[in-house]
Amino acid sequence: MPSSNHLSAPVYRVRVWDLPTRWFHWLLASAVLAAWLSQGDSRYVDIHVFVGYLFFGLLVFRLVWGIVGTQHACFRNLAFGGHALWRYLITLPTKQRQHFLGHNPAGSWAIFGILGLGLVIAVSGILTLGGENQQGPVAGIFNFAQGETFHLVHKVTAWIMLALIAVHISGVIIASVLHRENLIRAMVTGVKQCPTEQISVASQAPVALVLLVVVIISAGGYFRGYLTATPDQPYLPFVGTTLPSNALWQEECDDCHLAYHPSLLPKRSWEKLLATQQEHFEENLGLAPEMIATLRTFALNQSAETAPTKTAWKIYRTTPASESPLRITETPYWQQRHQRLPEEVWKHSEVKSKANCDACHFDAPQGTFEASAMMVK
Amino acid sequence: MQKKHLVIAGIALLPLVNPPLVYATTAVEQLLVEYRSQGATEFTVEAGKELFFKEFVDAKSTQVRQCTTCHTDDLRQPGKHAKTGKRIDPLAPSVNPKSLMEIKNINKWLKRNCEWTIGRECTAQEKGDVLTFMQSQ
């Protein structure tokens, strides 16, 4: 149906983007935004991980849709060579600029770049979760050191992705201005205006609906634990390994503060701490020598060196060998992880001391200190 | 006849059904006997209460320290460790059946807490008074 603009030239409205492609686009954009907002803070790791799975799932969907989807979503119609890209770019500032109903060559390249890089980010994220946190589908396959390497890859590729998205958005704005068409609105409505009559693509609404339902059901399934959580029984998205315990340790070290698991300090620290039990932070523990011997054996066998958890491994790795801190709260890793918490937090009546780990960490008594298992009042 | 015997036997055995209370008294009773043998005289709730609420000034930090600093003014309420913030179960045996149960535990904590609060170990008299006070709560 031709309609008229203010110059009365005929304009045809053509549906270029089917519904699944549009919803994919905006879901992916939201996933990237949510992933960015939830990164860097251990409290939100479960959100970050869910968004990562969502991101991965969306990419896989788009790969399939690139093969079976409608005309302008199909990869074979987006496969512009380097030559076509170059031609498009150099003619862009001139009157000879080429107009494309679907994606132009630059947009197509951005799509392949984002999809490819996105897959690297998603996979490196799953590998980081498996290696560093020993959680998720590949837990137990990689060690902490490998997890740290994956984490680096994950971070670097995420930054490159941000740069690529910046280029993509600038490209959309530049092309919108030069071609006098609102490409952002087109990605919302699916419709572009054309001087000649063109065939609209099918809407494919049922596919879009299935996509949305799958996303909603997965989110509900992933976060359902929060619905049944109570203040006494908080929900722990990640459950760590069960660390060895010792009855005497539990009895003698759990009264004034929680019995810190020995994996939170290196051997040399425990040696020193138990040897100075008469002046234990202004308290005289006054424990009998045979008790100290038992406690010492347990502590040395389960110290940070044994690295049963990410926390233990990081504490051991980052504490200089020349130092034997008597406080977990003096280790560089602890300080680095808590440096962003505001000073008032430590003065809160239910916290009182930095060493009062279980005021914030739900799994402090177990010694695992998993991600997303802490909150600040 | 038969039945009456059973009832009497049952009543006689009743205290064993609730061992915590029995043991709590035994532990403190035993300690009080021990303190008396060390020269202490009569123990009173009042003297124990006075000590429990008395303010001491720590020489090093110049802070005021009391038993109530960690155990609060109400022994039936949970306390909070002055330095670490950890919850401490109520000391009153009436609400915490585990309190004052074990001689070993009482000795350990009286030694530690007197040293921290008063700056020295408590005397047998003080220990007996404070336990008598705590037991009445």
Exercise. Of A:Ile90, A:Ile328, which has the most accessible area with a 1.4 Å probe, and how do the rest follow in descending order?
Worked result: A:Ile90, A:Ile328
Exercise. What order, most packed first, do the peptides B:102-110, A:103-111 have when packing is the mean number of other Cβ atoms within 10 Å of each residue?
Worked result: A:103-111, B:102-110
Exercise. In the protein assembly as shown, with Lys and Arg counted as +1 and Asp and Glu as -1 at Cβ, which of these residues, B:Leu131, A:Thr241, A:Gly367, has the Cα nearest the positive end of the dipole, that is, farthest along it?
Worked result: A:Thr241
Exercise. When the dipole is taken about the Cα centre of region A:2-228, and only Lys, Arg (+1) and Asp, Glu (-1) are charged at their Cβ, what size is it in debye, to the nearest 20?
Worked result: 720
For this session: Compare A:Ile47, A:Ile315, A:Ile160 in a GNM of chain A, Cα atoms joined below 10 Å, and give the one with the largest fluctuation.
Result: A:Ile160
For this session: Set Lys and Arg Cβ to +1 and Asp and Glu Cβ to -1, take the dipole of region A:34-112 about its Cα centre, and tell me which of A:Phe61, A:His103, A:Gln39 lies farthest positive.
Result: A:His103
Problem set entry | Selection from B:Cys67, B:Ser94, B:Thr41 lying farthest towards where the dipole of region B:20-120 points positive, charges on Cβ | B:Cys67
Exercise. Counting alpha carbon pairs within less than 8 Å and at least 6 residues apart, what relative contact order, in whole percent, applies to region B:22-135?
Worked result: 38
For this session: Determine which lysines satisfy two conditions relative to A:Lys192: a Cα distance under 22 Å, and not lying fewer than 8 residues away in the same chain.
Result: A:Lys95
Exercise. If you count, for every residue in B:80-92, the Cβ atoms of partner chains within 10 Å of its Cβ, what is the mean?
Worked result: 5
Problem set entry | Student exercise, region B:22-135 dipole from Lys, Arg, Asp, Glu Cβ charges, in Debye to nearest 20 | 580
Exercise. Based on the inverse mean of 1/r over its pairs of different Cα atoms, what is the Kirkwood hydrodynamic radius of region A:162-318, in Å?
Worked result: 22.4
Seminar exercise, completed: Links exceeding 25 Å between C-alpha atoms in this model, out of B:Lys98/B:Lys127; B:Lys60/B:Lys80; A:Lys272/B:Lys83; A:Lys377/B:Lys83; A:Lys314/A:Lys347; A:Lys267/A:Lys354, come to A:Lys314/A:Lys347
Problem set entry | A:Leu119 versus B:Ser94: modelled label distance in nm, points set 7 Å from Cα along the beta carbon direction | 7.3
Exercise. Please identify the GluC sites (Glu not before Pro) of region A:246-306 that satisfy two criteria: DSSP loop assignment and at most 13 other Cβ atoms within 10 Å. Which are they?
Worked result: A:Glu282
For this session: Would you tally the net charge around A:Cys360, using a Cβ to Cβ cut-off of less than 12 Å, leaving A:Cys360 out, and scoring K and R as +1, D and E as -1?
Result: +2
Seminar exercise, completed: Once the mean of 1/r over all distinct C-alpha pairs in region A:247-366 is inverted, the Kirkwood radius in Å reads 15.0
Problem set entry | Mean Cβ count within 10 Å, highest first, over the residues of peptides A:74-82, B:81-89 | B:81-89, A:74-82
Exercise. Do any cysteines of the protein assembly as shown lack a neighbour Cys whose Cβ is under 4.7 Å away, and which are they?
Worked result: A:Cys74, A:Cys194, A:Cys253, A:Cys256, A:Cys357, A:Cys360, B:Cys67, B:Cys70
Problem set entry | Peptide A:351-361 - average C-beta neighbours from other chains (10 Å radius) | 3
Seminar exercise, completed: Between A:Ala145 and B:Glu34, the FRET efficiency computed from the C-beta separation at R0 = 60 Å comes out, to the nearest 0.05, as 0.55
For this session: Partner chain Cβ atoms within 10 Å, averaged over the residues of A:272-282 - can you pull that number for me?
Result: 1
For this session: Could you order A:Leu89, A:Leu248, A:Leu115 so the one with the most accessible surface comes first? Probe is 1.4 Å.
Result: A:Leu89, A:Leu248, A:Leu115
Seminar exercise, completed: Longest principal axis of chain A (C-alpha) makes with the long axis of helix A:144-179 (C-alpha) an angle, in degrees to the nearest 10, of 30
Exercise. Taking B:Lys104 as the anchor, which aspartates and glutamates have their alpha carbon closer than 15 Å to its alpha carbon, excluding any fewer than eight residues away along the same chain?
Worked result: A:Glu251, A:Glu252, A:Asp255, B:Glu29, B:Glu34
Exercise. Given the alpha-carbon gyration tensor of the protein assembly as shown, what are the semi-axes of its equivalent ellipsoid in whole angstrom, ordered largest first, with each equal to the square root of 5 times an eigenvalue?
Worked result: 70, 26, 21
Problem set entry | Electrostatic dipole magnitude of the protein assembly as shown [Cβ: Lys, Arg +1; Asp, Glu -1; Cα centre; debye, to 20] | 2280
For this session: Would you please give the FRET efficiency between A:Ser176 and A:Leu243, computed as 1/(1 + (r/R0)^6) with r the Cβ-Cβ distance and R0 = 56 Å, to the nearest 0.05?
Result: 0.45
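The values are calculated or read from the model by the stated rules, or taken from the named source; none is laboratory data. Bear in mind that the values here come from a model prediction, so they are computed numbers and not experimental data. Note that each Cβ is placed from the backbone with ideal geometry, even for glycine, and that neighbours are counted across all protein chains shown. Quick note on the areas: whole protein, heavy atoms, side chains included, nothing else; ligands and nucleic acids left out. Shrake-Rupley method; radii C 1.70, N 1.55, O 1.52, S 1.80 Å.
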